[in-house]
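Written below as structure tokens is the structure these notes are about.
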Amino acid sequence: MPTLAQYKAFRTLIETGSFTETGIKLNLTQSSISHAISKLEEEFELTLIIRNRSNINLTNEGKLVYEQIVNILQQHEQLLTTISTSKNIISGVLRIGTLPSVSLILLPKVLAYVEEHYPQLDIQLFEGNYDQVEEWLETDQIDVGFLVRPHASGFVFEQTFKDNLVCILSKDHPLAEEVDLNINQLKNERWIMPNKQIDRDVARILSENNIKPNIVYEIAVDQVILAMVSENLGISITPSSLLIHSPNNLIQKNFSTPYIREVGIAYKHRVHPSPITLKFIDIVKQIASSNINH
């Protein structure tokens, strides 16, 4: 009979797409992972994956088996959670999808709290962009994921904090002396735009105000955007919470009409959240309230 270890090796291999990364994650050798997959195929008398030099693809039969194995492992993890909860112990595995901005401003404090108070809880992080987090939720690769409103339908969205969106400028910029800005004052500016896959808010705000930005650079890393704006290469809009450690030559300006980003943690509508999930959401809300929602 196949073992849970073989199931875990198979699921992790499909998630990572690499025998090497799977071995690192599961603390096993690459040959051990390969052997586990081969034994699984032998048990089922099916070819589950096609091994190429650059990637690993599921066969049609493999896709069906993968879906069932994911369900089996989730049910097993829920069983362990139920047993732990009955003993008043929070333990088990929680897979979390997160966005780079959340990873920077909130997640370190959350993880530090979890490690101190719930050392038996195993947190597995998956960092990606909006589309990836939504896809991971939909395909059950993660239990919960941080998202920003608006988001795809089909998810329960628990708001954790609100973030004021501000304009960032170099101290040498002509608008640096303004008190508050009107979005229309930025029509003719050079823009350092966040990549749409990591931030949907800036493009939405500009579109709502019929502004077609002169984009000089499009960047996928928040800290690089801050550095480039501080050098007066252009302006941008960013959540104020990201400016805690901003460059000295950078200033922020509020808008006369406020723009707000709503960050929350989401899970699938049709999935009943486990006690671990509910506890984690509660922890996130408490820490966000203490450290961000002032």
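Any idea which of ILE251, ILE235, ILE260, ILE192 is within 30 Å of TRP136 (Cα to Cα) and buried (at least 18 other Cβ atoms within 10 Å of the Cβ)?
ILE192
Quickly run through segment 219-232 and pick out the residues that are open to solvent by 40 Å² or more (accessible area, probe 1.4 Å) and not acidic (Asp, Glu).
ALA220, VAL221, GLN223, VAL224, ALA227, ASN232
Within segment 144-179, track down each residue that is over 21 Å from SER230 (Cβ atoms) and acidic (Asp, Glu).
Matches in segment 144-179: GLU158 only.
What tally of residues in segment 251-294 results from selecting those that are farther than 30 Å from GLN75 by Cβ, under 19 Å from the mean Cα position of the chain (by Cα) and in a strand (DSSP E or B)?
Number satisfying all stated conditions: 3.
Would you pick out the residues in segment 214-234 that are assigned to a loop (DSSP other than H, G, I, E, B) and of a type in the set (A, V, I, L, M, F, W, C)?
ALA220, VAL221, LEU233
Looking at ILE211, ILE198, can you tell me which residue is on the phi < 0 side of the Ramachandran plot, out of contact with any Lys or Arg (no Cβ under 8 Å at 6 or more places or on another chain) and either surrounded by 14 or more Cβ atoms within 10 Å (Cβ to Cβ) or in a strand (DSSP E or B) (or both)?
One residue alone meets the criteria, ILE198.
Consider segment 263-294. How many of its residues are surrounded by fewer than 17 Cβ atoms within 10 Å (Cβ to Cβ) and under 29 Å from ASN182 (Cβ atoms)?
Summing the residues that are surrounded by fewer than 17 Cβ atoms within 10 Å (Cβ to Cβ) and under 29 Å from ASN182 (Cβ atoms) in segment 263-294 gives 2.
Could you please give the count of residues in segment 116-138 that are open to solvent by 40 Å² or more (accessible area, probe 1.4 Å), of a type outside the set (A, V, I, L, M, F, W, C) and either touching a residue at least 60 places away in the same chain (Cβ under 8 Å) or under 26 Å from PRO239 (Cβ atoms) (or both)?
Adding up the residues that qualify gives 7.
Among ILE14, ILE49, ILE69, ILE37, which is the only one that is in contact (Cβ under 8 Å) with a residue 40 or more places away in the chain, more than 30 Å from ALA288 (Cα to Cα) and open to solvent by less than 30 Å² (accessible area, probe 1.4 Å)?
Result: ILE69 is the single residue among ILE14, ILE49, ILE69, ILE37 that is in contact (Cβ under 8 Å) with a residue 40 or more places away in the chain, more than 30 Å from ALA288 (Cα to Cα) and open to solvent by less than 30 Å² (accessible area, probe 1.4 Å).
Report, by residue number, each residue of segment 94-115 that is open to solvent by less than 10 Å² (accessible area, probe 1.4 Å) and basic (Lys, Arg).
Listed by number, the list holds a single entry, ARG95.
Does VAL65 satisfy being among the aliphatic types (A, V, I, L, M), within 26 Å of ASP131 (Cα to Cα) and at pLDDT 85 or above?
When the stated conditions are applied, VAL65 passes them.
Assuming VAL216 fulfils every condition listed in (1) surrounded by fewer than 18 Cβ atoms within 10 Å (Cβ to Cβ); (2) hydrophobic (A, V, I, L, M, F, W, C); (3) farther than 22 Å from ARG149 by Cα; (4) under 19 Å from the mean Cα position of the chain (by Cα) apart from one, which condition is it?
Here VAL216 meets the rest and fails (4).
Scan segment 23-53 for residues that are touching a Phe, Trp or Tyr at 6+ places or on another chain (Cβ under 9 Å) and among the β-branched types (Val, Ile, Thr) and jot them down.
ILE33, ILE37, ILE49
Select the strands (runs of 3 or more DSSP E) contained entirely in segment 91-188, then report the ones holding at least 3 residues which are of a type in the set (Val, Ile, Thr) and closer than 28 Å to TYR259 by Cβ.
The qualifying strands (runs of 3 or more DSSP E) are 155-170.
The values are calculated or read from the model by the stated rules, or taken from the named source; none is laboratory data. Quantities reported herein were computed from a predicted structural model and do not represent experimental measurements. All Cβ positions, glycine included, derive from the backbone under ideal geometry; neighbour counts span all protein chains shown. Quick note on the areas: whole protein, heavy atoms, side chains included, nothing else; ligands and nucleic acids left out. Shrake-Rupley method; radii C 1.70, N 1.55, O 1.52, S 1.80 Å.
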